[in-house]
Amino acid sequence: MTTEVMSVLRQQDSEFLDSAGLTYEVSVDAGFANVIIQAFPTAPGLSPDRVELLLRLPFGFPDAAPDMFWLAPHVTAASGAQVPGADVTETFEDREWQRWSRHIAQQWRPGIDNLETYLGYVRRCLRQAGGE
């Protein structure tokens, strides 16, 4: 990992991802560390059941709050219905991603929250979209 990436993805965040058994890659793009987690489980009621998850972490993370997350391929309700707030496609890393417009800034707790708590938030958003 480059020094630039290391300044955004802290050692404890890398250790968390490793200890959770997640396969991931990190790159830097336009002031963000892009963390792509492979084979990330969605939730019951969503299709497909595994995706790639893109997190764009701003420089200064975890003191700076992340905003939104992206999935590839696109996820729908198991019924085929569009998930509310997930109808925009954006391109990062030369790929198309489904943007999940979820904003955590008002709930983010600098000095407390981190990559582990952010992934917990992403999982809650997926469960809610799946109908839990």
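The values are calculated or read from the model by the stated rules, or taken from the named source; none is laboratory data. This one's a predicted model, so the numbers in the text were calculated from it and none came from an experiment. Backbone-built Cβ (ideal geometry, glycine too); neighbour counts: all protein chains shown.
So, in region 1-51, how many residues would count as being in a loop (DSSP other than H, G, I, E, B), modelled with pLDDT under 95 and within 22 Å of GLU90 (Cβ to Cβ)?
Final tally of qualifying residues: 3.
Given the options GLU116, GLU132, name the one that is outside any strand (DSSP E or B), closer than 15 Å to ARG10 by Cα and either among the hydrophobic types (A, V, I, L, M, F, W, C) or in contact (Cβ under 8 Å) with a residue 60 or more places away in the chain (or both).
GLU116
Can you run down the residue pairs with Cβ atoms below 6 Å, 6 or more apart or on separate chains, where the first is in region 90-110 and without any contact (Cβ under 8 Å) to a residue 24 or more places away in the chain and the partner is among the basic types (Lys, Arg)?
Matching pairs, first to second residue: GLU90/ARG99.
Search region 52-70 for residues being free of Cβ contacts under 8 Å to residues at least 60 places away in the same chain, touching a helix residue (DSSP H, G or I) at 6+ places or on another chain (Cβ under 9 Å) and not in a loop (DSSP other than H, G, I, E, B), and hand back the single one that is farthest from ALA30 (Cα to Cα).
So, considering only residues that are free of Cβ contacts under 8 Å to residues at least 60 places away in the same chain, touching a helix residue (DSSP H, G or I) at 6+ places or on another chain (Cβ under 9 Å) and not in a loop (DSSP other than H, G, I, E, B), the one farthest from ALA30 (Cα to Cα) is PHE69.
Return only the number of the condition from (1) closer than 26 Å to ASP13 by Cβ; (2) not in a loop (DSSP other than H, G, I, E, B) that THR89 does not satisfy.
Going through (1) closer than 26 Å to ASP13 by Cβ; (2) not in a loop (DSSP other than H, G, I, E, B) one by one, THR89 breaks only (1).
What are the pairs, 6+ residues apart or on separate chains, where a residue within region 9-25 that is farther than 14 Å from PHE40 by Cα has its Cβ under 7 Å from a residue that is of a type in the set (A, V, I, L, M, F, W, C) and not in a strand (DSSP E or B)?
Partner pairs satisfying both residue conditions: ASP13/LEU115; PHE16/LEU115.
Spot the failing condition for GLU15; the list is (1) surrounded by fewer than 13 Cβ atoms within 10 Å (Cβ to Cβ); (2) closer than 18 Å to ARG127 by Cβ, and only one is missed.
Among (1) surrounded by fewer than 13 Cβ atoms within 10 Å (Cβ to Cβ); (2) closer than 18 Å to ARG127 by Cβ, GLU15 violates only (2).
Which is touching a strand residue (DSSP E or B) at 6+ places or on another chain (Cβ under 8 Å), surrounded by 12 or more Cβ atoms within 10 Å (Cβ to Cβ) and charged (D, E, K, R), of GLU90, GLU116?
One residue alone meets the criteria, GLU90.
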